[in-house]
1. Tell me, what is the FRET efficiency for B:L44 and B:L182 to the nearest 0.05, using R0 = 51 angstrom and their Cβ-Cβ distance as r?
2. Plugging the Kirkwood radius over Cα pairs into Stokes-Einstein for the range B:96-286, at a temperature of 10 °C and a viscosity of 1.306 mPa s, what D comes out in µm²/s?
3. Which FRET efficiency value, to the nearest 0.05, do you get for B:L175 and A:T11 by plugging their Cβ-Cβ distance into 1/(1 + (r/R0)^6) with R0 = 35 Å?
4. Using the Cα centre as the reference, give the magnitude of the dipole from point charges on the C-beta atoms of the range B:96-286 (Lys, Arg: +1; Asp, Glu: -1; all else neutral), rounded to the nearest 20 debye.
5. Can you pull the Kirkwood radius for the range B:160-229, inverse mean 1/r over Cα pairs, to one decimal in Å?
6. B:T12 to B:R315: FRET efficiency via 1/(1 + (r/R0)^6), r the Cβ-Cβ distance, R0 51 Å, to the nearest 0.05?
7. At a temperature of 10 °C and a viscosity of 1.306 mPa s, determine how fast the range A:135-217 diffuses translationally according to Stokes-Einstein, using the Kirkwood radius over alpha-carbon pairs as Rh; express D in µm²/s, rounded to the nearest whole number.
8. Treating only the Cα positions of the range A:57-234 as identical point scatterers, give the base-10 log of I(q)/I(0) from the Debye formula at each q in 0.12, 0.14 Å⁻¹.
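All of the numbers you see were taken from the coordinates with simple rules; none came from a lab. None of the values given here were measured: they were computed from a predicted structure. So basically every Cβ, Gly included, is an ideal-geometry build from the backbone, and we count neighbours across all protein chains shown.
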Amino acid sequence: MSGRRPFLLFTAVAFGYAFLYLPIITLMVYSFNDSRLVTVWGGFSTRWYVELFRNEQILSALWLSVRIAAMNATFAVVLGTLAALTLVRFTQFRTRMLFAGMVTAPLVMPEVILGLSALLMFVSLEQLIGWPEGRGMTTITIAHITFTTAYVAVVVQSRLSQLDGSLEEAAMDLGARPWKVFLVIILPIISPALIAGWLLGFTLSMDDLVIASFVSGPGSTTLPMVVYSSVRLGVSPQVNALATLIVVVVSTGVIIAGWLLHRQQRRHTGKAR
Amino acid sequence: MSGPEVTATGSTRLRRGIDRGVKSLTQGRLGRALVIALPYAWLLLFLLVPVFIVIKISLAEMALASPPYSPMLQWLEGRTLALRVHLGNYAFLWQDPLYLAAYLNSLKVAAVSTIICLLIGYPMAYGIARASPSWRIVLLMMIILPFWTSFLIRVYAWIGLLQNNGLFNNLLMGLGLIDQPLPLLHSNFAVYLGIVYSYLPFMVLPLYATLVRQDLTLLEAAADLGCPPWKSFLTITLPLSLPGVIAGSLLVFIPAVGEFVIPDLLGGPDSLMIGKILWNEFFSNRDWPVASAVAVAMLVVIVIPLLLLQRIGERQTAGESR
């Protein structure tokens, strides 16, 4: 290979990463700016962090979002795992096509449609049976479960389809019941996928503005909704501080996860040798 | 599912074996029914039925000057009326040039953004795939990391950079390249930038997945036979990475078409996109029937072709693996 090609490639890759990271880094730097103006550097200060932690609206929205996200992730993992099991193991049943279509639909449906359809459903249900009464945390959680289940199903499905079927067959031949096979053999093997699915469900829910805006009611404002309404008015130093905290927490988590994964891989390859 | 195999010769053992087989079979059936029923029922109730409700309401008429909730009762009662107004909402979409323009513009913005993502993402994926294994992990993690941080905040980060007294304009004016701030924010340029920025990781990951699996001896063989690098790239690497190109393009194109946040925060009054139109019909105009009609048209024009495309792709890969 000539010497110029790696250099060009290196430049292209470096440009790509700079593009991905410069905006976030600028945001983080300016969260420590004492001045309210973006143009002026008014010296180092942590006053926006102090104000952020005094901001009742943001704190209560954060708490609501965390509760919704945790509940959503838990339900979505259960439903998504069942859906993935159905798709991988039960290849022959009537209306399977419909089921597979419904599982993948949220991945290709625009969020605005998911939000609108969920809202109209809740309104119709309320008129028919009186439930759900008004809209709020419950309706947001239900709408989130519906779309995150699809993502969890994809993650679990890819893990399930890699599974060695002979293990299950051996267990069944030795008289293990299907549910026991699931609990003792399948579940431990797919547990990394379940954890990944849970985290994915949590993040997707924490991050969702569009669907939550459609199905939320008065008094149930999630964190993205608060951020959105303050951001529409322009740059807000408190949002900069919040963004910095989110980035720091998430990066720490991802780096730890990546490190654990790396170590695990190393151990596996070490064994193989 | 296979029941326990019966190989015993004794009649009692045989009977016990059969008993167990029947038992596990029925248990399996019941368990299987439960496994299928729960997600099935959930998705029917909260995904499929809502779509039909949207279709139903798109065939209704907006009750003027009413709170958003009350018109529902009227729609439930009058079936014949609903059928008559049906033409109304859809004809309105067709006749008002705004909607058609928004649909076409959404498709255009999504397509152009996808191509830009491909142009930036391909070299990145290629570079990661050819890096040393330990670097690969770091570089990949740096691609995945932005995905886990808030999407809204990543879009917001550009406001500070692009606005009139933002970083870019200050930099350019400081360098003396421009006298007046460029109107970067609230423009189509900002929308493209925001979409490319937000969805670039979705392009890089599938590209990387196909590139890293490629057999490098093919390139060596080509080089030994005197093939210049650019030619072996065009005839070997690129065609072999086509599945990744298609997967990545779909992952960018699909969410970009219905995007609301990016055109709303970064776009200007002329950056019409269909997701934003639906949002405005619903929240600003409070016209639920027209919003529903926009949603149905979006489903028919954008989502159903994509679902079919995916089905064809699945069938092809299934055929290949056989």
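1. Result of the calculation: an efficiency of 0.50.
2. Using the Kirkwood radius from Cα pairs, D works out to 85 µm²/s.
3. Efficiency, from the Cβ-Cβ distance: 0.95.
4. Using Cβ point charges on Lys, Arg, Asp and Glu, the range B:96-286 gives about 280 debye.
5. Kirkwood hydrodynamic radius for the range B:160-229: 16.0 Å.
6. Approximately 0.55, to the nearest 0.05.
7. 108
8. -0.64, -0.81
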